[in-house]
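The values are calculated or read from the model by the stated rules, or taken from the named source; none is laboratory data. The structure presented is a predicted model; accordingly, all values stated were derived computationally and were not measured. Cβ: placed from backbone, ideal geometry, glycine included. Neighbour counts: every protein chain shown.
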Amino acid sequence: MSDSPEREARRALNRLRRAVEKAVAELSDVRGALRHAEGADFPVSDFEEAERRLNAVAAFVDEQAERLEEKILQAGGLEPGRVRRTGGL
């Protein structure tokens with residue numbers, strides 16, 4: 001049996017979220033190594049811009065996940081603003 005399109009979308013968003021989180025961590029590691037190696041020649045503004053862009057992608061993923069959840073709730077007859085979360089998710 002095949003997974004529903006909504007489930008596949010959730011999985012894809014979660015994979016992308018984890019990839020962005022990993023990219024942020026890797027960028028931080030590279031920043032530290034290059035800052036140590038280059039000293040005063042380190043391009044601080046370039047790394048700040050890269051981090052800003054990764055954060056924008058993370059925000060986009062979160063927005064899409066929220067939008068998908070609202071659609072799933074509406075399809076199930078629930079109002080998104082009236083559902084309370086209890087743990088787990």
Can you go through 28, 4, 45 and tell me which one is over 30 Å from residue 67 (Cβ atoms), within 25 Å of the chain's Cα centre (by Cα) and of a type in the set (S, T, N, Q)? 45
Could you please find all residues in region 41-55 being of a type in the set (A, V, I, L, M, F, W, C) and surrounded by 11 or more Cβ atoms within 10 Å (Cβ to Cβ)? 42, 47, 50, 54
Filter pass, residue 3 being on the phi < 0 side of the Ramachandran plot, surrounded by fewer than 11 Cβ atoms within 10 Å (Cβ to Cβ) and either modelled with pLDDT under 95 or in contact with a helix residue (DSSP H, G or I) (Cβ under 6 Å, 6 or more places away or on another chain) (or both): yes
In this structure, is residue 54 among the hydrophobic types (A, V, I, L, M, F, W, C), modelled with pLDDT of 95 or more and in contact with a Phe, Trp or Tyr (Cβ under 9 Å, 6 or more places away or on another chain)? no
